[in-house]
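The structure appears below as structure tokens.
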Amino acid sequence: EAHNLKRFRRDFEGETQIAFPEPLVDLTSREVLVEKFVEGEPMLNFVKKEDEFHRRKDREELASIGLKTVMKMIFLNDFIHADLHPGNMIVDRNKSVRGQPLRIHMIDCGLTVELGERDHVNMVKILGSLIKRDGYAAGKLMVDTAKKCQATELDVELFCRGIDKIVEDDEDNNFLESVGDYITDICYLACKHKVKLEAAFINAALACEIMEGLAASLYPEMRVQQVALPLVLKAEMMHGLKGLPAAKLWMGS
């Protein structure tokens, strides 16, 4: 966990609204982790109520901070906190910065997901296609990147068409607005057509789902797509990906 904290602190160095506890390496052993104490208020307090101490504006800002942080973990850093829930987030104000903006401390970083370059590229391609509303391309990528696939050519075609239909039927939303429904339908199609889904895609999608749910609790009107899309495009550029279709890109407000 101390190693994970050091990695997260490096990945988000210079950020003023997201932080991770500092591990005290000289006092840490295999049996005991020692880190600096973090003062603040549980995120759960902001989720449960809106009052003079937990204003709507603050709730909306926290939703934005948390969502941007997780999207960066997934699409840019390839190092994801795998135990995301309000109990592992502490809120305070960063008094070292002008205006004392809200800040989220993410704690309990023992569980993480790191895909590796190959799987990360594949995940960016798949999620990028889903976010851009090209379900057929996303389905084809899921099949092409699977390490073992017992599906026949007909099964592959039906699977890809099924993913495309899921996207087309969801006219008012986007993958990141309703991850849970998408994953359920995709897993059903995968089982039906004998397509093996890579764990990398599922793990990243679940992290999206958890943060989407938290963001929706704080800020129901928030459009996840608007936060995620710039990071997806940046990740594609980072990996030198070209030609991912954007013709069906959802542009809702």
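The values are calculated or read from the model by the stated rules, or taken from the named source; none is laboratory data. Just so it is clear, the model here is predicted, and its values are computed rather than measured. Cβ coordinates were reconstructed from backbone atoms using ideal geometry, including for glycine residues, and neighbour counts include every protein chain displayed. Keep in mind that these areas ignore ligands, DNA and RNA; they rest on the heavy atoms of the full protein, side chains included. Shrake-Rupley method; radii C 1.70, N 1.55, O 1.52, S 1.80 Å.
Tabulated values for the structure
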{"item": "Matching residues in the stretch 214-238 - criterion: being among the small types (G, A, S) and either part of a loop (DSSP other than H, G, I, E, B) or modelled with pLDDT under 85 (or both)", "result": "A228"}
{"item": "Condition met for M211 (within 19 Å of L67 (Cα to Cα), part of a loop (DSSP other than H, G, I, E, B), out of contact with any Phe, Trp or Tyr (no Cβ under 8 Å at 6 or more places or on another chain) and not charged (D, E, K, R))", "result": "no"}
{"item": "Residue in the stretch 190-198 that is more than 11 Å from the chain's Cα centre (by Cα), open to solvent by less than 70 Å² (accessible area, probe 1.4 Å) and under 14 Å from L127 (Cβ atoms) present", "result": "yes"}
{"item": "Filtered residue count, the stretch 1-14, keeping only those that are part of a loop (DSSP other than H, G, I, E, B) and within 14 Å of H81 (Cβ to Cβ)", "result": "2"}
{"item": "Output for the stretch 63-85, where each listed residue is in a loop (DSSP other than H, G, I, E, B) and open to solvent by 40 Å² or more (accessible area, probe 1.4 Å)", "result": "A82, D83, H85"}
{"item": "Residue match in the stretch 156-178 (condition: of a type in the set (A, V, I, L, M), open to solvent by less than 20 Å² (accessible area, probe 1.4 Å) and either part of a loop (DSSP other than H, G, I, E, B) or at pLDDT below 90 (or both))", "result": "yes"}
{"item": "Test: residue in the stretch 21-36 that is crowded, with 16+ Cβ neighbours inside 10 Å, touching a strand residue (DSSP E or B) at 6+ places or on another chain (Cβ under 6 Å) and in contact (Cβ under 8 Å) with a residue 60 or more places away in the chain", "result": "yes"}
